[in-house]
Amino acid sequence: MEAAILNIILEVQPKSMGVEDLGCSSGQNSLTAVSQIMHKVVTASQKIGLPIPELRVSLNDLPGNDFNEIFKSLLELYKNVKNDYGFEGRYIWGLPGSFYGNLFPAHSLHSVHSSSSLHWLSQTKSTALH
Ligand SMILES: C[S@@+](CC[C@H](N)C(=O)[O-])C[C@H]1O[C@@H](n2cnc3c(N)ncnc32)[C@H](O)[C@@H]1O
């Protein structure tokens, strides 16, 4: 993840960076990946000497997921990132829907993360290869 983010910051130099966590769930681990990604973006930008990009972060899971539970923890994350880096250019929202469907407009994402979701699938889908 660190190498991938460093590469994006270096090669793309986005002013506004789209980050996604597919299958974020709700509970203790829901913001772990996003928080680590934010940390890596800030440290990679500082290391290279580029401005920290604005972060557009969406948290995806199925509509039945308890997004309100996650939202309650967001203020704490915002506070930590501000205290640690003085960084406030982050925008985080919930994105209910299956990751089998269309979730994003074209060219809106730079980094897509998913952990422990592929063995927890809501459906299986086979794709015919031609
Ligand atoms: C085991 S949890 C993983 C939570 C978190 N990513 C982690 O690593 O701790 C798996 C999550 O994937 C979600 N999931 C499964 N199929 C999905 C789909 N088609 N679209 C979006 N989320 C899905 C489930 O609802 C569940 O919350």
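Could you list all residues from region 1-33 that are among the polar types (S, T, N, Q) and at positive phi?
Pass one, region 1-33, residues among the polar types (S, T, N, Q): 7, 13, 16, 25-26, 28-30, 32.
If the condition is that a residue be among the polar types (S, T, N, Q) and at positive phi, then Q13, S25 are the ones that fit.
Can you tell me which residue is farthest from the ligand (Cβ to nearest atom) among those in region 59-71 that are without any contact (Cβ under 8 Å) to a residue 40 or more places away in the chain and surrounded by 19 or more Cβ atoms within 10 Å (Cβ to Cβ)?
That would be L59.
Which numbered condition in (1) open to solvent by 10 Å² or more (accessible area, probe 1.4 Å); (2) at pLDDT below 95 is the only one that S30 fails?
For S30, the exception is condition (1).
Taking only pairs six or more apart or across chains, which ones have beta-carbon atoms under 9 Å, a first residue in region 72-92 that is at positive phi and of a type in the set (F, W, Y), and a second residue that is at pLDDT 95 or above and surrounded by 10 or more Cβ atoms within 10 Å (Cβ to Cβ)?
none
Just give me the residues in region 1-50 being without any contact (Cβ under 8 Å) to a residue 24 or more places away in the chain, more than 13 Å from the ligand (Cβ to nearest atom) and either among the charged types (D, E, K, R) or in a loop (DSSP other than H, G, I, E, B) (or both), in sequence order.
Hits for region 1-50 are E11, G49.
Provide a single number: the residues in region 72-84 that are closer than 17 Å to P53 by Cα and open to solvent by less than 60 Å² (accessible area, probe 1.4 Å).
2
Could you please let me know if Y78 is assigned to a strand (DSSP E or B) and more than 11 Å from C24 (Cβ to Cβ)?
no
Considering only region 1-24, state which residues are open to solvent by 50 Å² or more (accessible area, probe 1.4 Å) and over 13 Å from the mean Cα position of the chain (by Cα).
Keep residues of region 1-24 that are open to solvent by 50 Å² or more (accessible area, probe 1.4 Å), which gives 1-4, 6-7, 10-13, 15.
E2, A3, A4, L6, N7, L10, E11, V12, Q13, K15, listed by residue number.
The values are calculated or read from the model by the stated rules, or taken from the named source; none is laboratory data. This is a predicted model, so every value here is computed, not measured. So basically every Cβ, Gly included, is an ideal-geometry build from the backbone, and we count neighbours across all protein chains shown. SASA here: full protein model, heavy atoms, side chains in, ligands and nucleic acids out. Shrake-Rupley method; radii C 1.70, N 1.55, O 1.52, S 1.80 Å.
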